[in-house]
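Right, one structure below, let's go through it.
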Amino acid sequence: MNGFLAIVRRDLRLAFRQGLDSLMVVAFFVIAVVLFPFGVGPQPNTLARIAPGVIWVAALLASMLSLERLFQTDYEDGSLELLALQPVALEITVMAKVTVHWLTTGLPLIVAAPLLGVLMNLPEDGYMPLMIALTLGTPTLSLIGAIGAALILGSRRGGILLSLLVLPLYIPVLIFGVSAVDVVIGGFSAKPQLLILSGLLVGALPLCPWAGAAAVRQGLE
Amino acid sequence: MQNHHLGSSLSLFTGTDLVCFRGGRTVFAGLGFALSPGEALMLRGPNGSGKSSLLRLMAGLGQPLEGALTWSDESIANDPEAHNARLHYIGHADPVKPVLTVTENLRFWATLRPGFGNGEDAIASALEKLGIGHLADVPGRFLSAGQKRRVNLARILAAPASLWLLDEPQTALDRAAEKNLKDAIADHRAGGGMVAISSHAENSLANARELDINQFRADSP
């Protein structure tokens, strides 16, 4: 536990000192969503219809944007090798890095989402399920992304490879995240969708750090 | 603080019949070594003969194709974290984060080690031993290559571990720092510590056992 907290603290400090990374992720999120009213026209009905999907897709892409550097900088300067040689299980190290990724990208995305809901004319009923679904979904995105980020260690053009590896795995989160908002707007309960999102998170929580650690070990050999 | 392993008259850390396979070729085969408390092992051999590969195997970064690495007659692969807790590794890279100060860098690595309580004094004295006490509050980005190497060496002095694996530690060091390093290794050995070190330097450590890796070179196919 001490090791976990030490790594979280150090990575948060690095993120804050290096500054603008998480701001840029949020800026990308906002700009990507803002493009849609320009693209499909400003009719309120059309925007309201596509709002949940657009916000979710943009959140997904924004979360992926910063994944490439999850292990890369530590890999390049030898820190990752050394982290693997500390008396802290590599799974814990990966979990700490995922936590920091979520705190610096997932959390800001959740905070920015209501603003974009207003912009996309999201019906009033949709805000609550959107926030809950994002809170349950974005940690899963960070967890799944860690596997991809570990697999691309040492490869050139890793960013594109990463999106090919990770985006297909994001589809379930996208489907149930969007559907949770849609059903509430349609007058039903979002409980099943939110339960499935919770299930995905609970499944990813032990599996992804384990798979990510195995991939890191492979990358270091 | 220092671990003393005086119980066994046999060697504590041994490798037998090691075969290393990397990048599609057998680097060395049939290699063996033995280290007892207080001993030093100098790895000799031309570039590409497998000195770094051997040190990485000793650290547990990767498995030998054949052969066994044991600590007190127990394979190091059985409990990697226990092995990590007793070793310090210096690789080719110096993991000094540019946005953290020297002390912050060292404190992070030290907190991951067991038995590191309130270690601010240990960090300060490690910096003094390597002659960089004046750099304690300087961010990593202002350090020269030699200074970064000294910080990396201070890292292994700040938290005790019985086995040091040093891969060409003199790289980028000036004469004074080389002397500091030699003194540190002598201190470490006097306290019952073990060192495996690869080096091209002419002068060797006092009473060090030499291992010429070239003689275990596998015949190229």
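If Lys and Arg each add +1 and Asp and Glu each add -1, what is the summed charge of the other residues whose beta carbon sits under 11 Å from the beta carbon of residue B:48?
Counting the neighbours of residue B:48, the net charge comes to +4.
In segment B:73-91, which residues give up 30 Å² or more of accessible area once the other protein chains are added, compared with their chain alone (1.4 Å probe)?
B:81, B:84, B:89
Take every Cα-Cα distance within segment A:2-220, group them into 10 Å bins from 0 onward, and report for each bin the whole-number percent of pairs it holds.
Reading upward from the zero bin: 8, 33, 34, 17, 6, 1.
If you build a Gaussian network model of chain A, linking Cα atoms that sit under 10 Å apart, which residue out of A:143, A:83, A:194 swings the most?
A:83
What do you get for the angle between helix A:107-119 and the principal long axis of chain A? Use alpha-carbon atoms, 0 to 90 degrees, nearest ten.
20
May I ask you to list the chymotrypsin sites (Phe, Trp or Tyr not before Pro) in segment A:136-219 that are in a DSSP loop and have at most 12 other Cβ atoms within 10 Å of their Cβ?
Here the sparse-neighbourhood loop sites are A:188.
For segment A:2-220, which whole percent of the accessible surface, found with a 1.4 angstrom probe, sits on carbon and sulfur atoms?
For segment A:2-220, the apolar C and S fraction of the accessible surface comes to 71 percent.
Taking one equal scatterer on every alpha-carbon of chain B, how large is log10 of I(q)/I(0) by Debye at q = 0.09, 0.16, 0.18 1/Å?
Each listed q maps to, in turn, -0.36, -1.12, -1.36.
Within the protein assembly as shown, how many lysine pairs that are 8 or more places apart, or on different chains, have C-alpha atoms less than 21 Å apart?
8
Name the residues of segment A:1-23 whose amide N is less than 12 Å from a point 7 angstrom out from the Cα of residue B:81 along the C-beta direction?
A:1-4
Please compute the per residue accessible area over the protein assembly as shown with all protein chains in place, 1.4 Å probe, rounded to a whole number of Å².
Solvent-accessible surface per residue comes out at 45 Å².
Which value does Rg/Rh take for segment B:49-180 over its C-alpha atoms, Rh per Kirkwood?
A ratio of 1.00.
Could you go through segment A:179-192 in sequence order and give the Karplus-derived ³J(HN,Hα) for each residue, using 6.51 cos²θ - 1.76 cosθ + 1.60 with θ = phi - 60°, rounded to whole Hz, and x for Gly and Pro?
For segment A:179-192, the Karplus curve yields 5, 4, 6, 4, 5, 5, 4, x, x, 10, 8, 8, 3, x Hz.
Rounded to whole Å, give me the distance from the Cα center of segment A:100-131 to that of segment B:145-221.
Taking the Cα centre of segment B:145-221 as reference, the centre of segment A:100-131 is 53 Å away.
Cα centroids of segment B:87-134 and segment A:53-93: how far apart, whole angstrom?
Taking the Cα centre of each part, segment B:87-134 and segment A:53-93 sit 23 Å apart.
Using 0.36 nm per residue, how much length does the chain from residue A:221 to residue A:167 gain when fully extended, once their Cα-Cα distance is taken away?
16.8 nm
If DNA, RNA and ligands are ignored and the probe is 1.4 Å, what is the ranking of B:11, B:199 by accessible area, most exposed first? Mind dumping the intermediate values first?
Details: B:11 40, B:199 5 Å².
Highest to lowest solvent-accessible surface, that is B:11, B:199.
Using heavy-atom solvent-accessible surface (probe 1.4 Å) with all chains present, what is the largest-first order of A:16, B:28?
Working: A:16 155, B:28 0 Å².
Final ranking, largest accessible area leading: A:16, B:28.
Grab the other residues whose beta carbon is less than 11 angstrom from that of residue B:214, score K and R as +1, D and E as -1, and report the net.
It works out to a net charge of +2.
Given R₀ = 51 Å, what would the calculated FRET efficiency be for residue B:145 paired with residue A:34, taking r from the Cβ atoms and rounding to 0.05? Don't jump to the answer; show the numbers that get you there.
Working: r = 45 Å, r/R0 = 0.89.
Efficiency for this residue pair is about 0.65.
In the neighborhood of residue B:193, defined by Cβ-to-Cβ distances under 12 Å, what is the net charge if each Lys or Arg adds +1 and each Asp or Glu adds -1?
Taking every Cβ under 12 Å from that of residue B:193, the sum is 0.
Between Rg and the Kirkwood Rh of segment A:68-173, both from Cα atoms, what is the Rg to Rh ratio?
Values: Rg = 16.3 Å, Rh = 15.4 Å.
Ratio of gyration radius to Kirkwood radius for segment A:68-173: 1.06.
Over both sides of the B-A contact, add up the buried accessible area with a 1.4 Å probe and give it to the nearest 100 Å².
2300
With each label point set 7 Å from Cα along the Cα-Cβ vector, what nm distance links residue A:125 and residue A:48?
Each label point is offset 7 Å from its Cα along the Cβ direction, giving 1.1 nm.
What Rg and what Dmax come out for the protein assembly as shown when only alpha-carbon atoms are used, in angstroms?
Radius of gyration, then largest Cα-Cα span, for the protein assembly as shown: 25.7, 84 Å.
The values are calculated or read from the model by the stated rules, or taken from the named source; none is laboratory data. All figures in this text were calculated on a predicted structure; none of them were measured in a lab. For neighbour counting, all protein chains shown are included, and Cβ atoms are generated from backbone atoms with ideal geometry for every residue, glycine included. Only protein heavy atoms, including side chains, enter the accessible area calculation; ligands, DNA and RNA are left aside. Shrake-Rupley method; radii C 1.70, N 1.55, O 1.52, S 1.80 Å.
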